[in-house]
Amino acid sequence: MNTRETILVTGLAVFVLLYFFGRGIWHPAYIKLTGKRTVADVISSVGEEARSRLLPYFNQAEVAYPPKEITLLATKNNRQLELWALKDGNPNLIRKFHVQAQSGVAGPKLREGDRQVPEGVYQIEGLNPNSSYHLSMKLNYPNEFDLKNAQAEGRENPGSNIFIHGKAVSIGCLAMGDEVIEDLFVLVHDVGKSNVKVVIAPSDPRESPLDASSKPEWVTELYETIENEFNGYIQNET
């Protein structure tokens, strides 16, 4: 490979890395040039198509769309996100999604920069139509439980800005790909973010109990809460 080819290959590699991993740097400038979108803009643009992808799953489960409330169950070890909705007071599994990218290992998020996906029970704080990762939904991490234990341990910066978003790159968030985040974004808009619960676990406690033995003492309580949440979402086969 001659010098010119080396420069071209190196430049292409830098461009690809910057495009995928440096979106937080260049995308805000791009938004300034192109103009910000509103949630209404996104719904107008992708809402019909997203609903057309969602409706067959709701119809198959015989659940009216939009449902009154939904729960998203995420398991970190198998990179899966389950969508559940209530029908006649009973939980119905609507669909399973593959998490395209995440980071960290089993265990809760403790501090800014630890690259951990948090574990716990969360709400959707807001919908971001101008995300660097196509679209995003912000979780209320750190929640009251996270803050209580951070304060007790003297952890002044437990982290923030945890999202479920598009693309397939993530540091501490759940990256779902662009099409799936469009579907989830529209669904949460239609349901209302106050009617959405997100539960994130290191593994599926319906298959085996969560192991808190090597983690801080308070994780035992956290994992009991997560287990109770997951155990409320077992598909009725009858």
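Any read-out appearing in this document is the output of simple, stated calculations on the displayed coordinates, not a laboratory observation. In this text the structure is predicted, and so the values were computed from the model without any measurement. Cβ: placed from backbone, ideal geometry, glycine included. Neighbour counts: every protein chain shown.
Points worth noting:
- A straight Cα-to-Cα reach below 12 Å connects LYS68 with the aspartates and glutamates ASP88, ASP190, residues fewer than 8 places away in its own chain not being considered.
- For PHE163, distant residues with modelled amide H under 5 Å away: LEU139, LEU174
- Computed lengthening from LYS96 to GLU224, 0.36 nm per intervening residue step minus Cα-Cα distance: 43.7 nm
- Inter-site label distance for ARG115 and SER194 at 7 Å from Cα along Cβ, in nm: 3.9 nm
- Within the same chain, lysines fewer than 8 places from LYS215 are excluded, and of the rest, those with a Cα less than 18 Å from its Cα are LYS76, LYS109, LYS148.
- For peptides 193-205, 52-64, 127-139, sequence by mean Cβ density within 10 Å, most packed first: 127-139, 193-205, 52-64
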